[in-house]
1. What is the local net charge at GLY124, summed over the other residues whose Cβ is closer than 13 Å to its Cβ (Lys, Arg +1; Asp, Glu -1)?
2. What is the sum of charges, Lys and Arg at +1 and Asp and Glu at -1, for the other residues whose Cβ falls under 12 Å from the Cβ of PHE142?
3. In Å², and per residue, what accessible area does region 79-144 have when probed at 1.4 Å with the other protein chains present?
4. Rank-order 5-11, 127-133 by packing density, defined as the average count of other C-beta atoms within 10 Å over each peptide's residues, highest first.
5. Beyond 19 Å, what percent of the Cα pairs of region 85-146 remain?
Amino acid sequence: MQFLAHLPLQVGIVSVFFCQNDPGMCDDWDATAGGNRAFLFNINGNLAQAAVPAEHETLLGAITALRLHPADVPTEERVLGRVGGEPGWLQGDETPDCPSCTTAMAFTAELQEGYDFAASANFGGGGRGYVFTCRPCDEAAFLWQR
């Protein structure tokens, strides 16, 4: 799985990963099919920053930003999504249920593909990614739509 995003939020730190095999080989648009994964880490835990791998491509130079909802940055700034508010569904509501308690998860962040082809996420061409969390269970989920 490819690392997609690290989101330091009030609910904790969410790390998002998704499948980058041949397109169509993973159901990476589905929050529960296994083609993507999000982890919610409690900020009170013992977290340490990981070292950048010494080899292989990381694309860490393509750092981007999210805006808070409501917008807290000028509209001319290039941001790749937002934190908070309501999801801007492209195909209809697909809010996942928490795998632990089975209640609907809370919308946390919306991600866009990106401006640089070499480092952008592949959400099917013009798609959006959606991050959800269940704070009581320390669970997170990710899906995308196009």
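1. Once all neighbours under 13 Å are counted, the net charge is -2.
2. -3
3. 45 Å²
4. Working: 5-11: 15.3, 127-133: 23.7.
Going from most to least packed, we get 127-133, 5-11.
5. Numbers: 646 of 1891 pairs.
Summing the P(r) tail past 19 Å for region 85-146 gives 34 percent.
The values are calculated or read from the model by the stated rules, or taken from the named source; none is laboratory data. On a predicted model such as this, the values are computed, not experimentally measured, just so you know. Here Cβ is always computed from backbone atoms with ideal geometry, including for glycine, and neighbour counts include all displayed protein chains. Accessible surface is based on the protein model in full, side chains and every heavy atom, while ligands, DNA and RNA are left aside. Shrake-Rupley method; radii C 1.70, N 1.55, O 1.52, S 1.80 Å.
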